[in-house]
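Engineer: Please read through the structure below; I'll follow up with questions.
The values are calculated or read from the model by the stated rules, or taken from the named source; none is laboratory data. Owing to the predicted nature of the structure, the values given are computational and were not obtained by experimental measurement. Glycine gets a Cβ as well: all are built from the backbone with ideal geometry, and neighbour counts include every protein chain shown. Heads up: the accessible areas ignore ligands, DNA and RNA and are worked out on the full protein's heavy atoms, side chains in. Shrake-Rupley method; radii C 1.70, N 1.55, O 1.52, S 1.80 Å.
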Amino acid sequence: HSTSANVNTMLSLVPNKVVSSSAAFFYGKTRSSSVGGPETVATDERLLASMTVAPVQALYLSGNVTWIVKGGRPTTMASGSAAFSPFPGGPVQLRITYSDAIDTAADARVRTFVPGLHWAIRSGVVLDTSYNWTDSRAAAVRSRTDAVLAILTITM
């Protein structure tokens, strides 16, 4: 037998075209029991906050933080990303994306950097290229991944 109750609240603020932010709170409680077994109670409490800033059409910045107060190990998880495209809407679009995510309970960090190029060579011919660099670190493990992608699309 299992019963649960959850409460979610969220507040979003968009003071202007450049900045938007939100904050949320989650509370959950679950009671479980099996025939003849003891009752267990699990509680989950989380606070979340995020902000996005886009000062010009070519630049986008975003950040998120989650605090797990109860449930599992108390921890802080955070991530941030940035994207830059200097020629939005033109035949050549450069993209640069960077993200950085941390998890304090797991003592882990993942960083990703992805520059790319989208080129509409002529009508029906598009070239998309990107390079992906990912660095993952945890208490006992570290890995790095490098990948190159090139896609030529010809539409007839």
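Engineer: Restricting attention to region 1-42, which residues are more than 30 Å from residue 57 (Cβ to Cβ), open to solvent by less than 60 Å² (accessible area, probe 1.4 Å), in contact (Cβ under 8 Å) with a residue 24 or more places away in the chain and assigned to a loop (DSSP other than H, G, I, E, B)?
Structural biologist: Of everything in region 1-42, just one residue is more than 30 Å from residue 57 (Cβ to Cβ), open to solvent by less than 60 Å² (accessible area, probe 1.4 Å), in contact (Cβ under 8 Å) with a residue 24 or more places away in the chain and assigned to a loop (DSSP other than H, G, I, E, B), namely 33.
Engineer: Please verify whether residue 92 is farther than 30 Å from residue 2 by Cβ and modelled with pLDDT of 90 or more, treating the condition exactly as stated. I'd like the intermediate steps shown before the answer.
Structural biologist: On the way: farther than 30 Å from residue 2 by Cβ: yes; modelled with pLDDT of 90 or more: no.
Spelling it out, it is not the case that residue 92 is farther than 30 Å from residue 2 by Cβ and modelled with pLDDT of 90 or more.
Engineer: Which condition does residue 128 not pass, out of (1) part of a strand (DSSP E or B); (2) without any contact (Cβ under 8 Å) to a residue 12 or more places away in the chain; (3) not hydrophobic (A, V, I, L, M, F, W, C), if it passes all the others?
Structural biologist: (2)
Engineer: Going through region 71-101 one residue at a time, which ones are closer than 30 Å to residue 45 by Cα and open to solvent by 70 Å² or more (accessible area, probe 1.4 Å)? Give the derivation first.
Structural biologist: Applying the first criterion (closer than 30 Å to residue 45 by Cα) to region 71-101 yields 71-82, 98-101.
Hits for region 71-101 are 72, 73, 74, 98.
Engineer: Do you know which of the residues in region 43-76 that are of a type in the set (S, T, N, Q) and in a strand (DSSP E or B) is nearest to residue 99 (Cα to Cα)?
Structural biologist: We begin by selecting, within region 43-76, every residue of a type in the set (S, T, N, Q); these are 43, 50, 52, 57, 62, 64, 66, 75-76.
Retained after the next criterion (residues that are in a strand (DSSP E or B)): 43, 50, 52, 62, 64, 66, 75-76.
Numbers: 43: 31, 50: 14, 52: 13, 62: 9, 64: 11, 66: 16, 75: 20, 76: 17 Å.
Across region 43-76, the extreme among qualifying residues is 62.
Engineer: Would you mind telling me which numbered condition in (1) closer than 30 Å to residue 19 by Cβ; (2) hydroxyl-bearing (Ser, Thr, Tyr); (3) over 22 Å from the mean Cα position of the chain (by Cα) residue 155 fails?
Structural biologist: Against the list (1) closer than 30 Å to residue 19 by Cβ; (2) hydroxyl-bearing (Ser, Thr, Tyr); (3) over 22 Å from the mean Cα position of the chain (by Cα), residue 155 comes up short only on (1).
Engineer: Go through region 143-153 residue by residue and tally those that are open to solvent by 70 Å² or more (accessible area, probe 1.4 Å) and either free of Cβ contacts under 8 Å to residues at least 12 places away in the same chain or charged (D, E, K, R) (or both).
Structural biologist: Just the residues of region 143-153 that are open to solvent by 70 Å² or more (accessible area, probe 1.4 Å), to begin with: 144-146, 148-152.
If we keep only those that are either free of Cβ contacts under 8 Å to residues at least 12 places away in the same chain or charged (D, E, K, R) (or both) too, we end up with 144, 146.
So the answer is 2.
Engineer: Now for a different question. Residues of region 103-142 being among the aliphatic types (A, V, I, L, M) and either surrounded by fewer than 12 Cβ atoms within 10 Å (Cβ to Cβ) or in contact with a helix residue (DSSP H, G or I) (Cβ under 9 Å, 6 or more places away or on another chain) (or both), which ones?
Structural biologist: Residues of region 103-142 that are among the aliphatic types (A, V, I, L, M), as a first pass: 105-106, 108, 110, 114, 117, 120-121, 125-127, 138-141.
If the condition is that a residue be among the aliphatic types (A, V, I, L, M) and either surrounded by fewer than 12 Cβ atoms within 10 Å (Cβ to Cβ) or in contact with a helix residue (DSSP H, G or I) (Cβ under 9 Å, 6 or more places away or on another chain) (or both), then 139, 140, 141 are the ones that fit.
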